[in-house]
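Below you'll find the structure, written out as structure tokens, and then a few comments.
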Amino acid sequence: MIRIPVLAEIDSYHSSMTSKRMKLRLPALARGGWLLTMLLVTTLVSGQDEPATTAEPAVDQKIATPIGLDGARHLLGRTIFGAPLDQLQRYSSLTREQAVDSLLETLTTTAVTPLPSWASLTPGKIQQQRGKTAESRKAFQKSIRRWQGELRGWWTRELISTPSPLTERLVLMWHGHFTSEMTKVRSAPAMLKQNQMFRQLCSGDFRQLLHRVAVDPAMAIYLDTRRSTREKPNENFARELLELYGLGEGNYSETDIQEAARAFTGYRIDHRTGELRRIRRRHDASEKTVLGVTGSLTATEVVDAVLADPACAEWISRRFWIEFVSPTPQATVLKQWAQALQQEDWSLRALLRITLLSDAFWAKENQGSLIKSPVDLVVGTMRSLKIEKAPAGQALRTISRLGQQLFDPPNVAGWPGGHHWIDATTLLGRRQFLTAEIHNLAILNQMQQLPQKDLRPPAQDAESEPEMMSPGNSPEMRVQRELPRRIKARERRRFMPQVLRELEQMWQSLGDTPDARSLRLQQWLLPFKPVGTVVEMGSIRDRLGSVLLDPTYQLK
Amino acid sequence: MKFDRRAFLRLGGAACLPLLVPGVRTWAIDEETAATAALGDRVLILVELQGGNDGLNTVIPFRDERYKKLRPKIAVPDSHVMDLGNHLGMNDALATLGESWDAGDACWILGLGYPQPNRSHFRSIEIWETGSDSDENLTDGWLGRLIGSAAADPKRAADGIVLGGGDSGPLHGDSTRVIHLNDPIQFTRQARAVPDIAHGEDARKALEHLLEVQTDIKRSARVIEEKRANAPDLGVQFPQSKFGKRCEIAASLVSSGVPCPLIKLSHSGFDTHTDQLRRHPQLLTELATGLAALRKALIASGDWDRVLISTYSEFGRRASENGSEGTDHGTAAPHLLLGGQVIGGLAGAQPDLGTLDKNDLVFTTDYRKLYATIEQQWFQLPANPLISRGVRPLPVLREKAL
């Protein structure tokens, strides 16, 4: 009866010792693939009653039973932007722990979408392109703008079709936490480098992440570190490091900021390597005191002082709570998480596991308590309905119109999220996406699946927005090429029947009777019973449309 | 509770700053005593200068030697200063406002700020928008409270309209209905398709919020559509900048008689840590050309006497320049009032460059004097201790009954 200790331990996952032991025991389960997992689930589930009733029945039973379709929708909606029904069904038969561990196994550190062509240029080459003449400068400015669009398109494509959406979810979270706005940074290569850094470290060691952020070139441009000198320290980065990135307001003094700012003086971007470098004569090496640490501190030591402050781990735990659990963190739980994070050697993966296995995450009152971000809504809908081959440019424009311009959060605090996502304009925009644009995406998705010769060439798009990159570099690239956004009536007539056929197949697969199908459709897509009128008759298109337009679809 | 970064900060700060309680208490007392006066048909148009406008390069103490010493690289040269008298001048990037200044319906209120200034964008704009003291945390915006203390008017399209992005800020409040819109025509068309779903006290806060916004959309759209059907053509050319377009929408809403007492526009980019000599004049020019067109349009439509325009910003900027030809976050700054009832000129007092506090200006005029003016003289409401804090209004508006 090994399941008794396992269950007991799951309940006390806050203790780092037990979760470390659990990790040793569970990889076989997590890595063994679906078949093995299912077998184990069945064993666990079938025998749950007996041990569960001996200890704390309610809690243990809840944890040991399969999460069901509702649980799977909750977990996947919060972590991977939602999922197609078959994926939901696979998760529905797992316990909380199995589901979370399977999900964590998908984490990765690299993107699969081929990088834009300019990503291979060295910083030196890019400097060369700038040139000296007014004409070459002008051309360079133009390519900077094009690169920015391509970078946005690249990330959107990755969000829509990555095999590891959890990774992208974390990258997006860190992008909103350690903000940089491309409007100010301008350099798409620097923003890409930052984005890749987030991907590499998003579930790794937080200490490493914070250290890298402090010397990240895009950040140095965004918060003016690269211009800060011994004579005139610029406080911008020091302030945000303490206020937004590391500690939170109330945990430092103005003096801490001024002293920390002196530590961040003298850093410049080396135009040959593209990296940040400390220039001795510009750096203030005199003694400073930051958060009680005194010495001739440099950037590294100030970051260490931030990490040593007890408020830091709590601040990061708060970020995880707000991202994944609810808008209202509980201080006592944050303290527990913060402690566990430190005991787990600042492993963000461990913190994510703790978050996703917490009672708070699964509490009924917290389900459906978050408003979907534009990325959640657009990417999630596309992934759920399996229209991920549709052009990323179209999705990108919608996401941005709904208030989440990728690589350009509104200010240094990132997207405020929650209620702020929804106002009269964005709510109407969301409805527009779910009624009209989604059909276009479904048609474009069909068109994209045809052999290239059957398609007209991409139209000359004056705005030249997120084209993936110049076509024809490699066979994969040709497949990835973006289609034009306008759909002709002829194309609509040609492709809409296929869209509807696939919808009909999906509808038939939902259950045996129309009532069962209808219920399943709602369970798959909505966190609550619909509050509006859901079409109970007629075509799947109308039924699906009315479920998507129900206000509860905006929640996760 | 409003879920945003501010709430976030409050929760973080709650343990260390046990300051919420006194604020809440005075507020409760206040609500009991507040009279329910009507707001009439007066309109307040707020213009948020996002990022912290550099007051010293806006209204410039150009005759003061110390100004140029503090800013060897980024002082506005005398040739770009329009003399306003009192040794002060206006940055000539604002030249299009000259007509308003000459006509005597523009007033600069100098040295606005508060004690123990906070230099964080977010905290300081929160202080300005809630009307709190530096060490006090309030949730509702000051105009949210003002609306809450006046009589509700069911005929209103909304209590407040936020044009073109930005949050509700000072308009935020549990009892205020605020709509955000970019384009009125598209707005009314799309609103027709939104279903009417009744809602009430649902424990599911996020869902409640969605349904509330839906209801507001429907109601506002009905009113806006009806009014705009007979909107006058004002024959004014608005600048095609983002800010100019927002001013144009504001003009069309007011002139077509859409009933709404508060309109908020924002103009962003004022966080000029670098390259200020190039960027700041551009921002001011966009501001001035937009406001000048708005003024012209509202004079043409006969609405100018019922409109008051006021700028605000989280702070001014450091008196001394930084090493990047910019300025860091500072404290006190001047703000502009425009409107048919405004008594033109200068009000308040210019902070003294000789008595800086850590290179920052020391405020001369509590920012709530501006709020007291709007509350008691513009909307003619009784003084509410949580809005005006017992400070006296400034003599900047003609006394004319609603």
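Here are the numbers for the structure shown:
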{"quantity": "The range B:369-388-the range B:256-307 distance, computed between alpha-carbon centres (Å)", "calculated": "23 Å"}
{"quantity": "C-alpha long axis of helix B:121-130 to longest principal axis of chain B, angle in °", "calculated": "60 degrees"}
{"quantity": "Cross-link pairs B:245/B:358; B:264/B:400; B:205/B:369 - those with Cα-Cα distance over 28 Å", "calculated": "B:245/B:358; B:205/B:369"}
{"quantity": "Value of Rg/Rh across the protein assembly as shown [Cα atoms, Kirkwood radius]", "calculated": "0.96"}
{"quantity": "FRET efficiency for residue A:330 and residue A:516, using Cβ-Cβ distance with R0 set to 51 Å, rounded to 0.05", "calculated": "0.85"}
{"quantity": "A:359, A:86 arranged by Cβ crowding within 10 Å, fewest neighbours leading", "calculated": "A:86, A:359"}
{"quantity": "GluC sites (Glu not before Pro) restricted to the range B:98-139 and DSSP loop, no more than 15 other C-beta within 10 Å", "calculated": "B:136"}
{"quantity": "Alpha-carbon Debye profile of chain B, log10 I(q)/I(0) at 0.07, 0.12, 0.15 Å⁻¹", "calculated": "-0.31, -0.96, -1.49"}
{"quantity": "Folded to 0 to 90 degrees: helix B:242-255 orientation relative to chain B principal axis, Cα", "calculated": "50 degrees"}
{"quantity": "Residues B:327, A:229, sorted so that the one with the fewest Cβ neighbours within 10 Å comes first", "calculated": "A:229, B:327"}
{"quantity": "Förster radius 41 Å - calculated FRET efficiency between residue B:233 and residue B:63 (Cβ-Cβ, nearest 0.05)", "calculated": "0.35"}
{"quantity": "Fraction in percent of alpha-carbon pairs per bin - 10 Å, the range B:90-205", "calculated": "11, 25, 33, 23, 7, 1"}
{"quantity": "Highest-MSF residue in chain B out of B:323, B:40, B:164 [GNM, Cα springs under 10 Å]", "calculated": "B:323"}
{"quantity": "Radius 13 Å from Cβ of residue B:101, net charge of other residues (Lys, Arg +1; Asp, Glu -1)", "calculated": "-4"}
{"quantity": "Alpha-carbon spread of the range A:168-309, three principal axes, descending order, Å", "calculated": "40, 34, 23"}
{"quantity": "Potential lengthening between residue B:278 and residue B:99 on full extension [0.36 nm per residue; Cα-Cα distance subtracted]", "calculated": "62.0 nm"}
{"quantity": "Order of A:525, A:276, A:94 - criterion: other Cβ atoms within 10 Å of each residue's Cβ, fewest first", "calculated": "A:276, A:525, A:94"}
{"quantity": "Computed [θ] at 222 nm, helices only, for chain B once each DSSP H run of length n ≥ 4 contributes -39500 (n - 2.57)", "calculated": "-10500 deg cm²/dmol"}
{"quantity": "Spin-label zone in the range B:125-169 - amide nitrogen under 19 Å from a point set 7 Å from the Cα of residue B:226 along the C-beta vector", "calculated": "B:152-161"}
{"quantity": "Per-pair calculated FRET efficiency, R0 = 45 Å: residue A:500 and residue A:117 via Cβ, rounded to 0.05", "calculated": "0.75"}
{"quantity": "Set of lysines with alpha-carbon distance to residue A:132 below 22 Å, sequence-local pairs under 8 removed", "calculated": "A:142"}
{"quantity": "Approximate spin-label separation residue A:529-residue A:436, in nm, with each point projected 7 Å along Cα-to-Cβ", "calculated": "3.4 nm"}
{"quantity": "With Cα atoms, 0 to 90° folded angle of helix B:20-33 axis to chain B main axis", "calculated": "60 degrees"}
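Taken together, the values in this text are just the output of simple stated rules run on the coordinates, not laboratory data. What you see is a predicted model; the values in this text were computed from it and never measured. FYI the Cβ positions are ideal-geometry reconstructions off the backbone, even for glycines, and counts take in every protein chain you see.
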